[in-house]
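Working notes for the structure below.
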Amino acid sequence: MDKKYRLSVAEDAAGLGLVGGFKVAGVACDIRGNGDMSRLDMALIVSDKLSSAAGVFTTNDVKAAPVLVDISHLEQSEKIKAVVANSGNANASTGARGIEDALKECALVAEKLSVKPEQVLVCSTGRIGEFLPMEKISDGIGKACGGLSSSPEQSEAAARAIMTSDTRPKTVLAEVCVKEKCFKIAGMAKGAGMIEPNMATMLAFIASDAKISQPLLKQILRFCVNKTFNRITVDGDMSTNDTVISLCNGESEVEIDADADAQEAFKEALLAVCRSLARKIVGDGEKITKVVEVKVEGARDEEQAEKICRAIGNSLLVKSSWYGCDPNWGRLADAAGYARTGLNPDKLDIFYDNVPVLKGGCPLSEYKEQWRDIVKRKNFTVTLNLNLGNASESILAADLTEGYVNFNKGE
């Protein structure tokens, strides 16, 4: 059946300012304390109207102060006016003072915008265990409020301001028309290291001019995050600050709740935005050389498929062989087995892209040179068919390089 809507996705479109009713800013306030005022380190996102808002956060037991504050604010208020985010300092493992500082950030923005503090969300990313330089934060908030704009320049500045070890900003725009009424969804994200399923040292901000209730937005956002940001891994480490926030201000007057076609369109568009940002995060992983899609098919259920995907995507031996351009499929089979899901090795099929490696547990060595050519590529797919059922799952993973080790070995 033909879709009753049109969806287009523009990769690397400027950012959140492209969505009606949103203004953004990116400024420098030297949060890292190295005197570099050329590096942007604070972003501010403001909606002209109060927006329906939803968030998905880290499942780490050690949650950063801004995560705890945002969870509380979203429980207190279904409508949000603004999000302030900084890079260079995670405000994590900072105790009561960290909470106080995060709340003060919200209060400072709220005062500038004449709203309640609980109608402001706050995010931080950077080094763990250091207190925020609140005088600089305060100055940065003032600068950001004075520089708010919907221009492409400020949209890009905001995307750059949240970067830490990222090498490039990550933005995307989806445009949707349903019954001749159109709305937009734009996203920006950061993330390169501490990237593991169930999110990572990543922040993602998604703005839309669609009109949607908070309960429905929360439901759709959780689904989309689970299928995208929760299906990526660079290094297997989960962060303290993972956050995905979506704001919808209704500026387009396209009603989502009461129209099944609009709901389907919104869900597909949001999924496309999240998928694009997730792929950009893996593609910008710290010192990686390859992005590999790991697919498990023919599983008894999605839980089995996902568990095997994660075991393979996080295996240091597998990741090292990808870096070495070695089609060592034995490591794939080993990781699939130690996931301990009850697979039958005599039914297992493995493929590099579409080239068979293993069929019914028996290797097909005559294709070895094709395997080698495939794993030399920057992007390829590893597929395992368990031949046990009809369920499937996939994740995006990266290789492991000596560059990653050198980059993260500390001072």
Practice prompt. Please determine, by comparing only the residues of the range 70-96 that are among the β-branched types (Val, Ile, Thr) and in contact with a strand residue (DSSP E or B) (Cβ under 9 Å, 6 or more places away or on another chain), which one is farthest from residue 112 (Cα to Cα).
Written response: 71
Worksheet item: Is it true that residue 267 is in a helix (DSSP H, G or I), within 30 Å of residue 12 (Cα to Cα) and out of contact with any helix residue (DSSP H, G or I) (no Cβ under 9 Å at 6 or more places or on another chain)?
Response: no
Discussion item. Going through 400, 384 one at a time, which residue ends up being in a loop (DSSP other than H, G, I, E, B) and in contact (Cβ under 8 Å) with a residue 60 or more places away in the chain?
Written reply: 400
Practice prompt. Report whether or not residue 257 is modelled with pLDDT under 90, open to solvent by 20 Å² or more (accessible area, probe 1.4 Å), touching a strand residue (DSSP E or B) at 6+ places or on another chain (Cβ under 9 Å) and in a loop (DSSP other than H, G, I, E, B).
Written response: no
Discussion item. Can you pull out every residue in the range 57-91 that is buried (at least 24 other Cβ atoms within 10 Å of the Cβ), assigned to a strand (DSSP E or B) and not basic (Lys, Arg)?
Written reply: 80, 82, 83, 84, 85, 86, 87, 89
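Test residue 366 against the criterion of being at pLDDT 95 or above, open to solvent by 70 Å² or more (accessible area, probe 1.4 Å), under 24 Å from the mean Cα position of the chain (by Cα) and among the acidic types (Asp, Glu), and give yes or no. Steps first, answer last, please.
Values: at pLDDT 95 or above: yes; open to solvent by 70 Å² or more (accessible area, probe 1.4 Å): yes; under 24 Å from the mean Cα position of the chain (by Cα): no; among the acidic types (Asp, Glu): yes.
Against the criterion (at pLDDT 95 or above, open to solvent by 70 Å² or more (accessible area, probe 1.4 Å), under 24 Å from the mean Cα position of the chain (by Cα) and among the acidic types (Asp, Glu)), residue 366 does not qualify.
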Fill in: Long-range neighbours under 7 Å by Cβ, at least six apart or interchain, first residue of a type in the set (Ser, Thr, Tyr) within the range 328-339, second open to solvent by less than 30 Å² (accessible area, probe 1.4 Å)
338/311
Worksheet item: Out of all the residues in the range 130-146, which are of a type outside the set (A, V, I, L, M, F, W, C) and open to solvent by 50 Å² or more (accessible area, probe 1.4 Å)?
Response: 130, 135, 136, 139, 143, 146
Worksheet entry | Qualifying residue in the range 16-29 (condition: closer than 23 Å to residue 215 by Cα, at pLDDT 95 or above and assigned to a helix (DSSP H, G or I)) | yes
Discussion item. Is it the case, given these coordinates, that residue 121 is over 19 Å from residue 38 (Cβ atoms), open to solvent by 60 Å² or more (accessible area, probe 1.4 Å) and in contact with a helix residue (DSSP H, G or I) (Cβ under 7 Å, 6 or more places away or on another chain)?
Written reply: no
Worksheet item: What number of residues within the range 1-60 satisfy the criterion of being closer than 24 Å to residue 262 by Cβ, charged (D, E, K, R) and out of contact with any strand residue (DSSP E or B) (no Cβ under 9 Å at 6 or more places or on another chain)?
Response: 2
Worksheet item: What about residue 303, is it of a type outside the set (A, V, I, L, M, F, W, C), farther than 24 Å from residue 392 by Cβ and either open to solvent by 20 Å² or more (accessible area, probe 1.4 Å) or touching a Cys at 6+ places or on another chain (Cβ under 9 Å) (or both)?
Response: no
Discussion item. I'm trying to understand the selection: among the residues of the range 321-337, which are within 21 Å of residue 402 (Cα to Cα), open to solvent by 50 Å² or more (accessible area, probe 1.4 Å) and in a helix (DSSP H, G or I)?
Written reply: 323, 331
Practice prompt. Give 174, 144 a once-over and let me know the one that is more than 29 Å from residue 265 (Cα to Cα) and either modelled with pLDDT of 95 or more or in a loop (DSSP other than H, G, I, E, B) (or both).
Written response: 144
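Please verify whether the range 29-52 includes one or more residues that are farther than 25 Å from residue 17 by Cα and buried (at least 21 other Cβ atoms within 10 Å of the Cβ).
There is no residue in the range 29-52 that is farther than 25 Å from residue 17 by Cα and buried (at least 21 other Cβ atoms within 10 Å of the Cβ).
The values are calculated or read from the model by the stated rules, or taken from the named source; none is laboratory data. All values derive from a computational prediction rather than experimental measurement. So basically every Cβ, Gly included, is an ideal-geometry build from the backbone, and we count neighbours across all protein chains shown. These area figures cover heavy atoms from the full protein model, side chains too; ligands, DNA and RNA do not enter into them. Shrake-Rupley method; radii C 1.70, N 1.55, O 1.52, S 1.80 Å.
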